[in-house]
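What follows is one structure encoded as C-alpha cells, with my remarks underneath.
Computed from the coordinates by the stated procedures, all read-outs in this text should not be read as laboratory data. The structure displayed is predicted, hence computed values, not measured ones. Virtual Cβ from ideal backbone geometry, glycine too; neighbours counted across all protein chains shown.
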Amino acid sequence: MARVRLSRERVRGELVRKIEELSGQNLLACNQCGKCSAGCPAATVMDLLPNQVIRYAQFGLEQVLEAKSIWICASCQTCYVRCPHGVDLSRIMEALRVIALEQGDDHLRPQELDPDEVADMPQLAVIAGFRKYTMMGG
Ligand code: SF4
Ligand code: SF4
C-alpha cells in the first residue's frame, strides 16, 4: 500500500498554527498528565479543565474557542509552575482569547455596563477587564 505523506501543518491545521504562533508554546509538549488541572484554582468553575483546553487545541478543535474556561483563566500561572514539560498554559489561554475576539464580538460590552457600578469599581480593574475581554486591548 502506498504511504501517504502529510506535512505536520496539513495534519494539524491553521488553528493549531495560530495558537502556537501567538502563545509561543509547543502544543505537542503536553502529554496530558493533568497536573495543571489538579492545581488550577479556577478549575471548579471551568467547563473544560485546563488539560482539556490544551487537548482541544492540540487537535485544532474550534469548539475550544467557545469554552468559558478561556475567559475564566486568571493567568495565575500555577499550571505553568506545575507542568513537568514547561508548558505555559496561561499563554495558550491568552492566544485563544485573542483568536476568539478576532472571530466574534467582544466578550464584555462596555456599553451594557451600569455607569453607577463602573464608577464604584477600581479603575485598574476596569481597564484590565477591557484589555482582557474586548478588542480595545488588542
Ligand atoms: S501539566 Fe503540562 S503536560 Fe501536564 S496536562 Fe498540563 S499542560 Fe499538559
Ligand atoms: S493560569 Fe489559568 S489555567 Fe493556569 S492555573 Fe491559573 S487560572 Fe488555571
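For the chain, Cys30, Cys33, Cys40, Cys73, Cys76, Cys83 have no disulfide-compatible partner, since no other Cys C-beta lies under 4.7 Å from theirs.
For segment 23-113, the set of trypsin sites (Lys or Arg not before Pro) satisfying both a DSSP loop assignment and a count of at most 16 other C-beta atoms within 10 Å is given as Lys68. Full extension of the chain between Val81 and Asp120 gives 10.6 nm of extra length, using 0.36 nm per residue less the Cα-Cα distance. Between Ile127 and Asn26, the modelled labels are 3.8 nm apart [label points 7 Å from Cα along Cα→Cβ].
For the chain, the alpha-carbon coordinates run over 70, 30, 23 Å along the three principal axes, in decreasing order.
The stretch between Gln111 and Trp71, if pulled fully straight at 0.36 nm per residue, gains 12.5 nm over its current Cα-Cα span. Here Lys18 is the anchor, and the lysines within straight C-alpha reach of less than 23 Å, apart from those fewer than 8 places off in the same chain, are Lys68, Lys132.
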